[in-house]
Amino acid sequence: MKKIKGFKNSNILTEEGIKKTNLIIEEDYIYSISDNDVDGLIELDDELIVIPGLIDQHIHGANGVDVIDGEEKNIHDIACFLVREGVTAFLPTTTTQSIEIINGALTSVKEYMLKEYDDGAQVLGIHLEGPFISNVYKGAQLEKYIIKPNIETFKSLEKISNNNIKLVSMAVEEDDSKFIEYLKERKIVVSAGHTNATYSEIVSSIKKGLTCTTHTYNGMRPYKTNEIGTVGSALLLDELYTELICDGVHVSIPAVNFLYKNKPYDKIILVTDAIRTKGMKDGMYKELEQTVILKGKEARLEDGTLAGSVLKLNEAIKNFMDFTGTSFINAVRMASENPAKNLGIFDKMGSIKENKKANLVVVDKDMNVYQTIINGKIVYNKK
């Protein structure tokens, strides 16, 4: 992997907008964004733009492997696959399985994080999706493994993970044990996902520490005129970040626009929620106790339930621009700045600014990825 010194007279997406300037990297960090010059800077073509590294806070798998398999090698495979789409950091995400299997997944991520891999996207921690969810909106999650939020159970998971759980998707209405407050005290992001929560339950949960909704529209109580449910609450309450799977399959184009018109752009987080079938050919794939059928852009269980996506994060940005007409800058921020702020790491990454990590992506206006850079090293070059 080649270490680079930076870029010269190139389009750089800074916090203030796109500037034609120089960007100098020292060690792993952005040293300067100015007219300062040093030997060895790369001058990009006019149609290319340097953007912040993308962050996927919700991804289960890719290229035939999944986090829940409990194999350290799988985490590495996913990390190396993601750089092709401009992802420089991510949260490996679990599913609702037996505690034993979840423990295996947490252990594999923990072991991976203890080693100094530098050829793939950085693992920021773990997104625990399940087992603390609702059986009413379980989606493709296995009902027999669903349990109520329990602090002692979580403490055990947390210990096995080496305190690397950074986000928990849960049925907030099921919390009757100060579980949300415990997560908040631990500085863990609480997200309402696979939930049957009403508006009043969401409002109450925000007071306890809820800050996000998981794959908004999917796996949650829908909007009705006499009870706006979790969906309506996500759209109405600006305190909440809202994850969105923008593939045109999980959420229709009108629904994407409805969210965009009702939600500040800086509260929308684009995610993939991708599973092992991402990057694979059409066919049938085993997912522990379930079978996933992949056909085109749709991955479904045998009963037709959506099992997850095969979406790439750069495609999600392009789709959001196409579906809503939003600007390139705003769409990119939905997959970089916004997740960084949600996860409390915006001081380190999520935008291009001096003294932040040199996690960068070279793209064109259609979000085709030409180069991915992590800690100042090129980890992907378009052939």
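Computed values, structure above
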{"item": "Of all residues making up the stretch 78-92, the number that are assigned to a strand (DSSP E or B) and surrounded by fewer than 24 Cβ atoms within 10 Å (Cβ to Cβ)", "result": "0"}
{"item": "Matching residues, the stretch 120-149, being of a type in the set (S, T, N, Q), crowded, with 16+ Cβ neighbours inside 10 Å and more than 19 Å from the chain's Cα centre (by Cα)", "result": "Ser134"}
{"item": "Positions within the stretch 224-275 being part of a loop (DSSP other than H, G, I, E, B) and over 14 Å from Ala316 (Cα atoms), in sequence order", "result": "Thr225, Asn226, Ile228, Leu237, Asp238, Glu239, Leu240, Lys263, Pro264, Ile275"}
{"item": "Strands (runs of 3 or more DSSP E) wholly inside the stretch 276-383 that include at least 1 residues being closer than 28 Å to Val168 by Cα and within 19 Å of the chain's Cα centre (by Cα)", "result": "298-301, 306-308, 360-363, 369-374"}
{"item": "Those residues of the stretch 17-47 which are β-branched (Val, Ile, Thr), touching a residue at least 40 places away in the same chain (Cβ under 8 Å) and surrounded by 17 or more Cβ atoms within 10 Å (Cβ to Cβ), in sequence order", "result": "Ile25, Ile30, Ile33"}
{"item": "Enumeration of residues in the stretch 144-168 that are touching a residue at least 60 places away in the same chain (Cβ under 8 Å) and in contact with an Asp or Glu (Cβ under 6 Å, 6 or more places away or on another chain)", "result": "none"}
{"item": "Qualifying residue in the stretch 130-138 (condition: among the basic types (Lys, Arg) and not in a helix (DSSP H, G or I))", "result": "yes"}
{"item": "Matching option when the condition is in contact with an Asp or Glu (Cβ under 9 Å, 6 or more places away or on another chain) and under 19 Å from Gly308 (Cα atoms), among Ser191, Ser205", "result": "Ser191"}
{"item": "Test: residue in the stretch 142-154 that is at pLDDT 95 or above, out of contact with any Cys (no Cβ under 9 Å at 6 or more places or on another chain), within 20 Å of Ile78 (Cβ to Cβ) and not in a loop (DSSP other than H, G, I, E, B)", "result": "no"}
{"item": "Filter pass, Lys110 being assigned to a helix (DSSP H, G or I), among the basic types (Lys, Arg) and in contact with a strand residue (DSSP E or B) (Cβ under 9 Å, 6 or more places away or on another chain)", "result": "yes"}
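This table checks each residue for (1) at pLDDT below 95; (2) in contact with a helix residue (DSSP H, G or I) (Cβ under 7 Å, 6 or more places away or on another chain); (3) surrounded by 16 or more Cβ atoms within 10 Å (Cβ to Cβ).
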{"residue": "Glu227", "(1), (2), (3)": "no, yes, no"}
{"residue": "Lys286", "(1), (2), (3)": "yes, no, no"}
{"residue": "Glu289", "(1), (2), (3)": "yes, no, no"}
{"residue": "Ala299", "(1), (2), (3)": "yes, no, yes"}
{"residue": "Asp303", "(1), (2), (3)": "yes, no, no"}
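For (1) over 24 Å from Ile245 (Cα atoms); (2) out of contact with any strand residue (DSSP E or B) (no Cβ under 9 Å at 6 or more places or on another chain); (3) not in a loop (DSSP other than H, G, I, E, B), each residue gets a yes or a no:
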position	(1), (2), (3)
Lys166	no, no, yes
Asp176	yes, yes, no
Tyr182	yes, yes, yes
Val190	no, no, yes
Ala197	no, no, no
Ile202	no, no, yes
Ile206	no, yes, yes
Thr211	no, no, yes
Tyr217	no, no, no
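The values are calculated or read from the model by the stated rules, or taken from the named source; none is laboratory data. Because the structure is predicted, anything quoted here is derived from the model rather than measured. So basically every Cβ, Gly included, is an ideal-geometry build from the backbone, and we count neighbours across all protein chains shown.
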